[in-house]
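What follows is one structure encoded as structure tokens, with my remarks underneath.
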Protein chains: 2
Amino acid sequence: MKTKNKILKAIQDFVDDYGYPPSIREIAKKIHLKSTKAVKVHLDNLASEGLIERVSGQARGIRIKPKSIPIVGRVTAGLPELAFEEVEGSFTISQWRDCFLLKVKGNSMINAHIYDGDMVVVKPARNALDNEIIVANVGDETTIKRLRRIGKELVLQPENDTYPIIREAFEVIGKVIGVIRKL
Amino acid sequence: MKTKNKILKAIQDFVDDYGYPPSIREIAKKIHLKSTKAVKVHLDNLASEGLIERVSGQARGIRIKPKSIPIVGRVTAGLPELAFEEVEGSFTISQWRDCFLLKVKGNSMINAHIYDGDMVVVKPARNALDNEIIVANVGDETTIKRLRRIGKELVLQPENDTYPIIREAFEVIGKVIGVIRKL
DNA sequence: ATGATATGTAAACAAATGTTTACATATTCA
DNA sequence: TGAATATGTAAACATTTGTTTACATATCAT
């Protein structure tokens with residue numbers, strides 16, 4: 001493996017293990033170089049290729065990309081050398097900043113493909129629009145339902161025909177913006 | 001807001017903005033303290049409370065918890081002051097280390113509640129067990145199906161009765177370990 | 001084989017950065 | 001009100017850390 005790629009991997013591993021970036025001397029030690037000059041040259045090259053960002057003159061002034069997962073449309077090769085096509089972006093947790101996950105209990109939302117055991121991603125909000133799927137408190141019960149306006153009345157509508165519409169007073173907690181299911 | 005909480009927030013914001021932790025002097029500047037001693041005392045207190053971790057004597061040796069989203073069973077209060085009960089852990093992206101997301105196209109897996117437009121979380125693997133949902137290449141098509149053994153033959157079974165079983169040769173790319181849907 | 005370029009070493013230096021000491025001020029409690 | 005404790009300031013010092021200079025070695029192209 002080329003030194004440059006060794007250095008990039010060393011940085012990524014260090015951030016994973018320690019939670020902050022390595023110093024130039026720590027990188028040198030890890031990949032068995034004796035001089036900080038050599039490491040500096042490689043870091044500057046990695047920066048010019050856009051693989052890292054450098055902040056000159058600052059201790060540990062190396063920024064790597066935040067952890068993310070690639071989103072792909074097609075895989076052209078499997079292990080040991082994965083290859084993707086139609087890479088459509090990457091997934092990071094920061095898109096759900098300030099959100100929380102709510103465990104789904106029950107089958108009241110199955111027509112919206114939200115099933116018992118799923119987790120919904122909830123963006124806290126005080127209000128929501130007609131037809132949005134929301135998290136609300138009814139009394140001291142937390143529930144997931146579709147917000148519907150019937151005349152001037154706002155109600156909570158299950159997405160399962162066997163469940164009744166909820167007409168009691170409720171407090172909007174947030175909007176459902178995603179679903180996560182583990183298999 | 002107490003100085004200690006200001007410091008904690010300053011660190012979190014700095015890591016978000018810069019991608020690495022602040023120095024003691026940078027924290028001091030941010031919260032308008034003039035001495036590094038005062039910041040050091042607060043940092044040591046935060047560390048003793050387990051809110052951060054300190055690495056003594058190292059530049060920027062402050063570790064905060066990786067970004068995560070709380071998983072809750074119930075919400076007891078909404079905005080402006082969210083309160084949770086039945087907190088069941090937190091969600092981080094690191095559980096899907098080395099995985100990728102594959103966009104779902106088509107309705108072949110709807111009996112498994114995997115719908116067109118979803119993204120499946122794929123853990124790369126060369127093999128899989130009978131009955132697992134996998135990602136496979138058939139020719140140069142990437143597909144999601146359930147792996148089934150019929151006699152000695154391995155086939156790819158759709159989870160939609162209107163689709164045919166695939167008996168052609170295929171290559172296992174990985175196992176589906178989760179589903180993500182954005183609303 | 002030779003010259004050009006890339007990569008690495010060694011050392012010095014400058015700056016960044018954390019810790020410590022001595023003291024001042026603010027807050028809390030009896 | 002006074003003592004104890006918490007919090008902050010200033011400055012010095014030690015260590016960490018990045019950059020630079022001068023040079024050596026390895027690799028590549030002609």
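The values are calculated or read from the model by the stated rules, or taken from the named source; none is laboratory data. Just so it is clear, the structure is predicted and the values come from calculations on it, not from any experiment. Because the Cβ atoms are built from the backbone with ideal geometry, glycine has one as well, and the counts that use them run over all protein chains shown. What goes into the accessible areas is simple: the full protein's heavy atoms, side chains included, and nothing from ligands, DNA or RNA. Shrake-Rupley method; radii C 1.70, N 1.55, O 1.52, S 1.80 Å.
Couple of notes before you dig in:
- Inter-chain neighbour count for B:65-78: the average number of beta-carbon atoms from partner chains within 10 Å of each residue's beta-carbon is 6.
- Probe 1.4 Å, accessible area per residue of the range A:88-183, Å²: 50
- Distances in nm from A:LYS29 to the matching label points in the other copies, shortest first (labels 7 Å along Cα to Cβ): 2.8
- Mean partner shielding of peptide A:175-183, defined as the number of other chain Cβ atoms within 10 Å of each residue Cβ, is 6.
- Rounded tilt (10° steps) of A:36-48 against the dominant C-alpha axis of chain A: 50
- In terms of its C-alpha gyration tensor, the range A:3-63 has a rounded overall shape, because the principal axis ratio a/c (a ≥ b ≥ c, square roots of the eigenvalues) stays below 1.5.
- Accessible-area ranking of B:LYS175, A:LYS182, largest first, probe 1.4 Å: A:LYS182, B:LYS175
- Cα long-axis angle, helix A:3-18 against chain A (0 to 90 degrees, to the nearest 10): 50
- Normalised contact order of chain A, rounded percent, pairs of Cα under 8 Å and 6 or more residues apart: 14
- Checking every one of the trypsin sites (Lys or Arg not before Pro) in the range B:39-144 against DSSP loop status and a limit of 13 other Cβ atoms within 10 Å picks out B:ARG97, B:ARG126.
- Accessible area buried, both sides summed, chains B and A with 1.4 Å probe, Å²: 5600
- Going from the chain on its own to the full set of protein chains, the range B:113-141 has these residues losing 50 Å² or more of accessible surface (heavy atoms, 1.4 Å probe, no ligands, DNA or RNA): B:HIS113, B:TYR115, B:ARG126.
- Of all chain A residues, the closest to the A-onto-B rotation axis by Cβ, with that distance in whole Å, is A:ALA59, 2.
- Centre separation in Å (Cα based) which lies between the range A:112-183 and the range A:54-68: 42
- Solvent-accessible surface (1.4 angstrom probe) belonging to B:THR142, in square angstrom, nearest 10: 30
- In the assembly of identical copies, A:LYS103 has its label point, taken 7 Å from Cα in the direction of the beta carbon, separated from the corresponding points by 3.4 nm (ascending, one decimal).
- When you filter the chymotrypsin sites (Phe, Trp or Tyr not before Pro) in the range A:50-135 for DSSP loop state and at most 15 other Cβ atoms inside 10 Å of their Cβ, you are left with A:TYR115.
- Three-way shape call for the protein assembly as shown based on the alpha-carbon gyration tensor, with the a/c threshold at 1.5: oblate
- On a per residue basis, the range A:3-63 carries 58 Å² of accessible surface, using protein heavy atoms and a 1.4 Å probe.
- Portion, in percent, of the accessible area of the range B:28-68 that falls on carbon or sulfur, probe 1.4 Å: 54
- Spin-label model distance (nm) - B:LYS29 vs A:ASN160, 7 Å beyond Cα toward Cβ: 5.6
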